[in-house]
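Okay, so here's the structure we're looking at.
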Amino acid sequence: LADEDRESRPRLMLMGLRRSGKSSIQRVVFHKMTPTETLFLESTSKINKDNIHSFIDFQVWDFPGQMDFFDPTFDTTAIFGEVGALVFVIDSQDDYMEALARLHSTVVAAYRVNPNITFEVFIHKVDGLSEDYKIDTQRDIQQTTTDELADAGLENVQLAFYLTSIYDHSIFEAFSKVIQKLIPQLPTLENLLNILCANSGIEKAFLFDVISKIYIATDSSPVDSQSYEICSDMIDVIIDISSIYGRAAIGAKSQGYLEDQQDQPEDWTHQQDGHDDYENSNGGGHGHSQAVVSNSSRAGSLNNQPVRSGGNHEAFSVIKMGNGTVLYLREVNKYLALICLLRAETFEKQGLIDYNVHCFKEAMDQVFELKRAERTRREMEANQ
Ligand code: GDP
């Protein structure tokens, strides 16, 4: 079952030299750690199979130590065989020659085993660099890497480069781009989001992985980082409030009132403190606090309540902003939430929007067939 669930999730591997920032990235993106807290992190020393309740299957690997391609017992097939994206982190504030050498040998080894892998290079910690220096560094790293690959006869291998930092949204935006490449259904999802926006007067719609705040799809209108940031902040607010109120659901409707509820959906488990679960490869959702956002009008749950036509029974939340913009969040499945930005006037026709969102969700379910996987999971749990 775990395998079945896993197959439908994009698989991502994070690699790089020690102290390049891998654990920090993992903690900030998946465990809500603040960037300054990462200053006190111990360096990654073993493989981290981070079993998070996220849409994204995420592993962290470390150099040197774990990876020795010259060791004959080193099983590159097992490691790279099923990976979707290999993200290599380079500390841009440090001398990066060794990192580039490791990147090269990694790409060569991985490509041999799995030519479908996408190679992504995070030129990381750029918060410490001036604008000019950033550009120079990227150009230098890009040039050196592609030259060396060409020398090795691998000029067809494509590498993508990103400037990242955990101190701003750049790390999340980079991951969004990386993840989007791994979702074969992306054009369909974008199309569905376009239809939703066009028919509902929505200005911008994002499909977010709730735990990581990485968006996996958006409609084809241009993404401006402000609207992305505001949506990702909305997820934080909602998760925070859910944590404060424990299992009480939130009906953060226009007035922003909160309401306790008895019958709670079990979705959106999230790890409140990554510290305990950090190296636990079988966390599996146990012992995590529940973060639930829910409809304030009634206690509905996606898990034990079939979605009825017009579907008004899933978690949702509304934030109305001073400038006349409404942020509307709706749960899509156990990993994903839809966040829409729209004008307050448009939101007056919430019934229409809800209906369209419902149709969108139905289509999403068909695209991912998550329903089926979820049913199996529940059956398994019931039998335990
Ligand atoms: P790992 O060994 O690759 O897991 O590296 P760590 O995650 O332990 O990070 C090493 C150090 O880099 C820590 O002190 C982090 O605070 C710091 N660091 C990580 N990411 C960034 C970043 O984006 N900017 C800056 N300035 N420092 C970072």
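The values are calculated or read from the model by the stated rules, or taken from the named source; none is laboratory data. The structure displayed is predicted, hence computed values, not measured ones. As a convention, Cβ positions derive from the backbone with ideal geometry for all residues, glycine included, and neighbour counts pool all protein chains shown. In case anyone asks, the SASA skips ligands and DNA or RNA and just uses the protein heavy atoms, side chains included. Shrake-Rupley method; radii C 1.70, N 1.55, O 1.52, S 1.80 Å.
Computed with a 1.4 Å probe on the full set of protein chains, the accessible area for Ser227 sits at about 20 Å².
With the whole protein complex present, Met364 retains an accessible surface near 0 Å², based on a 1.4 Å probe.
In this simple spin-label model, placing a label point 7 Å from the Cα along the Cα-to-Cβ direction at both Ser225 and Asp151 gives a separation of 3.4 nm. Across the protein chains, with a 1.4 Å probe defining accessible surface, the residues Tyr215, Tyr133 rank Tyr133, Tyr215 from largest area downward. Put Arg343, Arg139, Arg377 in order of accessible area, highest first, and with a 1.4 Å probe you get Arg139, Arg343, Arg377. Computing FRET efficiency as 1/(1 + (r/R0)^6) for Ile135 and Met97, where r is the C-beta to C-beta distance and R0 is 22 Å, gives about 0.70. Rolling a 1.4 Å probe over the protein chains gives Phe316 an accessible area of about 10 Å². Put a plus charge on the Cβ of each Lys and Arg, a minus charge on the Cβ of each Asp and Glu, and nothing anywhere else: the dipole of segment 116-252 about its Cα centre is then about 580 debye. In segment 198-233, whose amide N lies under 16 Å from the spot 7 Å out along Cα-to-Cβ of Gln158? List them in ranges. Within reach of a label on Gln158: no residues. Full extension of the chain between Gln350 and Glu362 gives 2.5 nm of extra length, using 0.36 nm per residue less the Cα-Cα distance. Of Asp94, Asp354, Asp236, the order by accessible heavy-atom surface (1.4 Å probe, DNA, RNA and ligands excluded), from most exposed downward, is Asp94, Asp236, Asp354.
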